[in-house]
1. Could you grab the relative contact order for the stretch A:162-236? Cα pairs under 8 Å, six or more apart, rounded to a whole percent.
2. Indicate, rounded to the nearest 5 percent, the antiparallel portion of the DSSP beta bridges found entirely in the protein assembly as shown.
3. Read phi for every residue in the stretch B:49-56 and hand back ³J(HN,Hα) as whole Hz from Karplus 6.51 cos²θ - 1.76 cosθ + 1.60, θ = phi - 60°, with x for Gly and Pro.
4. When ranked by the protection proxy of mean other Cβ atoms within 10 Å per residue, highest first, what sequence do the peptides A:452-460, A:136-144 form?
5. Using a 10 Å cut-off on Cβ to Cβ distances, tally the other chain neighbours for every residue of A:228-235 and report the average as a whole number.
6. So, counting K/R as plus one and D/E as minus one, what does the shell of residues with Cβ under 14 Å around A:Lys334 add up to?
7. Would you work out the relative contact order for chain A, in percent, from Cα pairs under 8 angstrom that are 6 or more residues apart?
8. Between the alpha-carbon centers of the stretch B:183-246 and the stretch B:136-155, tell me the distance in whole angstrom.
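What follows draws every value from the coordinates through simple rules; no lab data is involved. Please read these numbers as outputs of a predicted model, since none were measured by experiment. FYI the Cβ positions are ideal-geometry reconstructions off the backbone, even for glycines, and counts take in every protein chain you see.
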Amino acid sequence: MKPLLKPADIAAATDCLCRIEPGELAPLPAQYEDFNAKVPAPLKPEKIKNIEASLDDTVAIGIPTPASPEEEDALVLRFLSGLKKLFERENNWTFLQPLLLSMEHCARCQTCSDACPAYVMSGRQEIYRPIFRSEVLRRIYRKYLKASGKIMSKFTGDIDLNWTTIARLAELSYRCTLCRRCASVCPIGIDNGLINHEIRKLFSQEMGIAPKEIHDKGTVQHLRVGSSTGMTPPGAKDSVEFIQEEMEEITGYKVDIPWDVEGADILLLHNAGEMLAWPENVGAFAIIFQAAGISWTMSSEAAGYDAVNYGLWYDDVQFSRVAVKHADIARRLKVKKIVIGECGHAHKALTVIADRLLTGDLNVPRESAMVTLENIVMSGKLKFDPRKNDFPVTLHDPCNVVRAMGIVEPQRRILRKIAPQFREMTPHGVENYCCGGGSGFAIMSGYNFTEWRNLVSSRKKFLQILTAFENEPQDTPKYVCAPCSNCKGTIRDLINYYDAEERSRLYYGGLVELIVNALEGMQKPMIRFGEKPSWD
Amino acid sequence: MEDADWWKSAYKTSTVNELKYMTPEILLLRGLWKENKRLWLLSFPFHLGLYLILANVVLLLIAAVFTLWSPKVYAEGDILMLMMNALIVASGWFGIIAGLIGSLGLLYMRLADRNMKLYATPADYFNIVFILMFFLCAFLTAVFVDPFFAAAKSYLLGLLTVGTFSSTYQPGQNVFGALTILLASLLAAYIPLTHMSHMFMKYFLYHQVKWDDRPSRSGNDIEAAVLRNLNYRPTWQAKHIEADGQKSWKDIASSSPKEIK
């Protein structure tokens, strides 16, 4: 029997606070039972000898171990200074009110626990419980920042603050996908996802601690060269030229992707990862817009061809810098609106969160591609033959598009029109489960994090997908429609990890690929199960 | 945002829909019923008890006002007084019993349920025992001294008239009655200082955390607030922020730091 962990145990001097034992993870169906005993494999000692790795057997950040007790003490003080700033208007006007409300009013009723896919699928490991990290932060805040905190902490919940506490809390903030399913079920309205987000901010904005994939290679690279993929403006143009050629080759439809058209109705912002990993998505958008006679453009300016904004997950300053660049490019192009392609976090970043940042002429109208596409598909401008999509299709709801923004029906109305074998996952819509790759997890692959994602945070989504198709013959190809780049990448990794193309004939892709596949006039199908695309 | 060009439409809210949602949420704890039925079985009587006791106090106050305002209209045997008396007795008894069951149950759950126990602090136990003691004292008072709440009515009348009202009914002094009054007064002062104020803060938690989707528009109050906030000068210390105490959020958000130049 494992010892029961309490929030105060985060400060305990142990090599590993929580180890998932074989067989503890929630079981998978018979076809995948050989994965039931798998657990995230610990890293070799030489790989972790200079980094903090005492939370679980997984490392997301790789925080360097302090060289001396003095350095540890300095870092503890730095943490407290950052914590104080989280509760100051001049430093955190962006999220201060919801943070305070969530910090002060949690009844610790545990209703959120069963809503969290990472916690439940992990075999209910205590440290992944939504309120575990919130309670750690709450106790530190009350004990070290409030008047008489040290005395009152005996009454309101005690905790020791040392470097171990801090290093583990930093890692732990990257075991939650920020899907905010916990917040949606809380009877009071406490947002543990937000508290986790604020913990990440504290570490990034005060201590410069963040996973390199989302900071160094993410927002920093995005602002420096133009894209978190490292793609420069000329690189983006080359990629698009390639996509145009490929689209003609694949579908027989000649497409011309417009760049920097001043005064266009729409500035289409793609996640630049699509250009590299799923160019057919970019091509499919172009085919639909061109066929429908839409006035649109893409931007070749640095940052203007990459909709991502990783700052959303960990750093308000980096978030603001990227969002302002996006809005400024649209403003100078004088477009009527920005349409955000199939990228969930870009939806939330530029639409919902940037709404509290962009003012005046930077507040260019922003619209989800789900809505734009529905308008086109339902307009009658394009003719469809749904029989071309006569295979089982299920829809993954990206949390940022659906739960955060309430965009639930447009994509469904499209699928009902073009995919005769569309079936829902359970649950779906605003009650959906995260793909497991949210909040940066999809792109975080350093150390052994990918395995933790595949085994723990994505496990619920994998089960949901299998359940959605459980009545289909094994050898029938099945399409998981995931209109979000990060979700798509996560589902791609799931299919590969669990060998699900071979075992269940699972395939994945976006929404626009299905639309073009059903479009009349295409000489060849866009979706070809089992065929490797030329760019792979 | 499910509509094309959604920003061209007026932002609409519906008080009726809000009431339709919030009334069962507040009175029946609908969210908890949906997500955590086991806890609802105890939490609902607990909250119902508190609501009914609040209602009981309001009814006692109304009765006191009626008594002072027009003794002729509000007289013995009058239908209004009969109704008020019935409501006072019903809300009092049901409130006390529901609250007693709820607070006892919640205390047991915090002690016995592994998940709740792990996170329970001495403050949590103190709070629930505090409320339990109030309901227990109220119960003992009602059973042994004041089953028809006559003493409670007299107390409220005395409170409103600073003890100058002369009633024909003079309740006997009772330690449970005194404790009930003392605990109720302390509770009313204590609850706003604890997480138990979620009963009232729920309004903000729903409107500011769950539901706030009112867009910022040119010239509206949200844009004005954002413009004010952008003038704050952050002091975050990480190098990439490049905050020096002089630069505003606006300066920082619209410039690229040296690290990336």
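1. This gives 16 percent for the stretch A:162-236.
2. Of those bridges, close to 10 percent are antiparallel.
3. Residue by residue, the stretch B:49-56 yields x, 5, 4, 5, 5, 4, 4, 4 Hz.
4. A:452-460, A:136-144
5. So the per-residue partner count for this stretch is 0.
6. -2
7. 15 percent.
8. Each part reduced to its Cα centre gives a spacing of 43 Å.
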